[in-house]
Amino acid sequence: MDTREIILNVENLNTTFISDKKKIHIVKDVSFQVKRGKTLAVVGESGCGKSVTMNSVMRFLGRNAIVEAKSIQYNALKNGEVKEYHLEQVKNKDINGSMMRELRGPDMAMVFQDPMSSLNPVYKVGNQVAEGFLQHNRGMTKKQAREKVLEMFRKLGIPDPEERIDCYPHQFSGGMKQRVVIAIAMICNPDLIICDEPTTALDVTIQAQIMELLKELQVKEGKSIVLITHNMGLVAEMADEVCVMYMGRVVEFGKLEDIFDNTCHPYTRALLRSVPVLGMPEGQKLETIPGSTPNPADLKEGCEFADRCSECTEKCRKGTIPNYEVSPGHYVRCVRFDSYPEVKR
């Protein structure tokens, strides 16, 4: 693995929650890489384990979570040299340990899902953005931090920054709150930004503005982005690579063109068929995925998607389903992908 090319490498990540003295396995043997300066989209329905996976990497989970992995390696590029951090060494009891405090902010940061609840309603937004910067730059004065926040507000297109810096969250629109949340993530200039449903509850116009802003930051400053979403339209616009998850497992992984033009897993195809497309015949109904996601505590052996898959056979319900390499860098977890005539190999 070229540590200059790969900023985050995750191998066999497992996350288990203890609830009522029961262990519920949520994230199962998840492996992926994030390339430097590129965007990885993690997609799937609500409850498929997207956010838990990235919160496991960032160590944002509660003490009832058990996080284990073969390897979680973050490669920081400092002064032209790569510095490796092996995050699986950070035990759950050390969830806020010195290594993670050192990394969160200056190296990797997270834009949380709901800007309405991410901001403290009783503190001015400027103080909330400056907090992380002051934490990681102990020699800075509050005046210097304020100037840094104003600079960030201007970069993110927040109008009248000198006035808005002293406002409270309720005085901002949804789109402006999301920009403030992005400012909190960006204030320490991290190389990796994890965006958890960054356009939730925003109208289409504001969605486009926020995504354009993230793309601009990536192009100008070489940021790596992990985009957690269920919106396949955003995936098509933003992603370089796509990781499709279902019930805590990666069911398909590949370059954007692999996922959209050479779709191999029935779940990925179902997701794509449920997206409206310009030019669809009038009156044509969108397809839906039958059934609902099962309770993770009730899952048995075989493919987790079996009960909802129209192409399921008895072979799909037995044993552990391995990952198959369809083409270089394109993997699928499906025993029947080889029988689909449209799949290019």
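The values are calculated or read from the model by the stated rules, or taken from the named source; none is laboratory data. Remember, predicted model here, so these are calculated numbers, not experimental data. Note: ideal-geometry Cβ built from the backbone for every residue, glycine included; neighbour counts use all protein chains shown.
Does Pro106 meet the test of being touching a helix residue (DSSP H, G or I) at 6+ places or on another chain (Cβ under 7 Å), surrounded by 17 or more Cβ atoms within 10 Å (Cβ to Cβ) and at pLDDT below 95?
Yes, satisfied.
Just name the residue that is surrounded by the most Cβ atoms within 10 Å (Cβ to Cβ) out of those in region 30-82 that are closer than 16 Å to Arg249 by Cα and among the hydroxyl-bearing types (Ser, Thr, Tyr).
Among them, the one singled out is Ser56.
Table: residues versus (1) in a loop (DSSP other than H, G, I, E, B); (2) surrounded by 13 or more Cβ atoms within 10 Å (Cβ to Cβ).
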{"residue": "Glu237", "(1), (2)": "no, yes"}
{"residue": "Ala270", "(1), (2)": "no, yes"}
{"residue": "Val275", "(1), (2)": "yes, yes"}
{"residue": "Gln284", "(1), (2)": "yes, no"}
{"residue": "Thr288", "(1), (2)": "yes, no"}
{"residue": "Asp307", "(1), (2)": "no, yes"}
{"residue": "Cys312", "(1), (2)": "yes, yes"}
{"residue": "Gly319", "(1), (2)": "yes, no"}
{"residue": "Tyr331", "(1), (2)": "no, yes"}
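Which of the residues belonging to region 39-82 are charged (D, E, K, R) and either in contact (Cβ under 8 Å) with a residue 12 or more places away in the chain or assigned to a helix (DSSP H, G or I) (or both)?
Glu45, Lys50, Arg59, Arg63, Glu68, Lys70
Ala297 - would you say it is within 30 Å of Asp20 (Cβ to Cβ), modelled with pLDDT under 90 and of a type outside the set (Asp, Glu)?
yes
Being touching a residue at least 24 places away in the same chain (Cβ under 8 Å) and over 22 Å from the mean Cα position of the chain (by Cα) narrows it down to one of Ile289, Ile321, so name that one.
Matching residue, one of Ile289, Ile321: Ile289.
Filter region 110-153 down to residues that are surrounded by 19 or more Cβ atoms within 10 Å (Cβ to Cβ) and touching a Cys at 6+ places or on another chain (Cβ under 7 Å) and give me whichever is farthest from Ala185 (Cα to Cα).
Val125
Table: residues versus (1) in contact with a strand residue (DSSP E or B) (Cβ under 9 Å, 6 or more places away or on another chain); (2) surrounded by fewer than 17 Cβ atoms within 10 Å (Cβ to Cβ); (3) β-branched (Val, Ile, Thr).
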| position | (1), (2), (3) |
| --- | --- |
| Pro161 | no, no, no |
| Arg164 | no, no, no |
| Phe172 | no, no, no |
| Lys177 | no, no, no |
| Cys188 | yes, no, no |
| Ile194 | yes, no, yes |
| Leu202 | no, no, no |
| Gly233 | no, yes, no |
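Would you check if Leu150 is without any contact (Cβ under 8 Å) to a residue 60 or more places away in the chain and in contact with a Pro (Cβ under 7 Å, 6 or more places away or on another chain)?
yes
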